[in-house]
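Okay, structure first, notes after.
Rule-based calculations on the coordinates, nothing more; no lab input. Quantities reported herein were computed from a predicted structural model and do not represent experimental measurements. Please note: Cβ atoms are built from the backbone with ideal geometry, for glycine as well, and neighbour counts cover all protein chains shown.
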Amino acid sequence: MQIAVIAGDGIGKDVTVEAVKVLQQVSSVFDAPIVLEHLPWGADHFLRTGETLPAGGYDLLRSFDAVFVGALGDPRVPDNRHARDILLGTRFELDLYVNYRPVRLLADRLCPLKHRGRADVNFVVFRENTEGVYVGIGGRFKAGTPDEVAIQEEINTYKGVHRIIRYAFAYAATHNLTKVCMADKSNAMQQGHALWQRVFHEVAAEFPGIAATHQYIDALAMFLVRDPGQYEVIVTNNLFGDIVTDIGGALQGGLGMAASGNLHPGRTSLFEPVHGSAPPLAGRNVANPMGAILSVALMLETLGRTAEAKAIEAAVEATVRAGETTADIGGSLGTREVGDRIAAALM
């Protein structure tokens, strides 16, 4: 198994060290070799060389079994072009159409909602990852003047909508889940989201054992913080999924706990913690590495290394139960020490 590692910027570098530490430990414990290749791409590389990715960079990524990214974003690159090319570019170029975000609470004390616990926060969000408003189609006219006009287009195709909705239903079917909820804003965005409505009903008819429900995205956001336990699988578009998964991160204890995968089944996929690069915190040994470590577990699960993935998840959960965490979730340990505790729990 060959994995490309892009630590990126800010605390991305800090949490990646710990994720790699855990990955190497689980490889040793299970006697399952994993070859890592560290790629230097990020703000430092861009400022030094002027390139975001080298020529043939996306083809290089395709040669790996998976890609792990720490976090990207640096104020020294105001337009974050390097982050856009590395992260969004990889999603588009490798056609990683599934953004996979499990939302699972590991300890009741981490949930910000009153009278809610682990039984209430255990669902998955599938976000369409290659279309919507993030495709960058649009422009600005008379920019910087009082007459400025800005247009940003949302793109929805039958292919794109169909494959993410089908993936959500197939996931539910193979994981013995019985509920899929699709969120859109078809009452206001009547053209593009009519397509989501049509495809959702079309695919749902093929899965009669799964309860298929629809909610407008604003209602879904409200219900998530009132009663998250009603959800098992949520599927939505690129923009709405981006927002809803941050709500999910808060429900499970904060973005430091949130893992994600960017998938194309059967092809090279990319895994990353949900949090940003937080440059002011970089190098201070305070960032929570658990989201990054759980992203490694997602990566192993996707690559068929189920036992190793479950071992990492169990080690993280044991560390949370023991209170051996960073300050953001109530502990007193640093980034490195949390990584050490999780690695030791795998032995």
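Of note:
- Cα-centre dipole for region 112-251 with unit charges at Cβ (Lys and Arg positive, Asp and Glu negative), debye to 20: 300 debye
- Comparing G283, V225, G331 along the charge dipole axis of region 200-347, the residue lying farthest to the positive side is G283, per the Cβ-charge model.
- Region 112-251 - convex hull of alpha carbons, volume per residue in Å³: 127 Å³
- Cβ-based charge dipole, the chain, positive-most Cα from S27, F207, I342: F207
- Dimensionless Rg over Rh [region 173-214; C-alpha; Kirkwood]: 1.04
- Among Q252, Q191, Q215, residue whose mean-square fluctuation peaks in a GNM of the chain (springs only between Cα atoms under 10 Å): Q191
- Entry note, the chain: relative contact order of 24 percent, from Cα contacts under 8 Å with a spacing of 6+ residues.
- Ranked F126, F169, criterion: other C-beta atoms within 10 Å, fewest first: F169, F126
- Seen from a random direction on average, the alpha-carbon convex hull of region 181-256 projects onto 5.4 square nanometres.
- MRE, 222 nm, helices only [DSSP H, n ≥ 4, -39500 (n - 2.57), over the chain, to nearest 500]: -11500 deg cm²/dmol
- Contour minus Cα-Cα distance for A119 and V225 (0.36 nm per residue): 36.7 nm
- Calculated FRET efficiency for the pair K310/E148, C-beta based, R₀ 56 Å, to 0.05: 0.60
- The mean sequence separation of alpha-carbon pairs under 8 Å and at least six residues apart, normalised by the residue count of region 112-251, gives a relative contact order of 38 percent.
- Top of A314, A32, A258 by mean-square fluctuation, Gaussian network on the chain, Cα under 10 Å: A32
- Here's the list of lysines a cross-link from K21 could span, going by alpha-carbon distance under 26 Å and ignoring same-chain residues fewer than 8 apart: K13, K310.
- Given 16 as the ceiling on other Cβ atoms within 10 Å, longest exposed-site-free region of the chain for GluC sites (Glu not before Pro) in DSSP loops: 207-347
- Max mean-square fluctuation residue, GNM over the chain, Cα-Cα springs under 10 Å, options T325, T130, T174: T174
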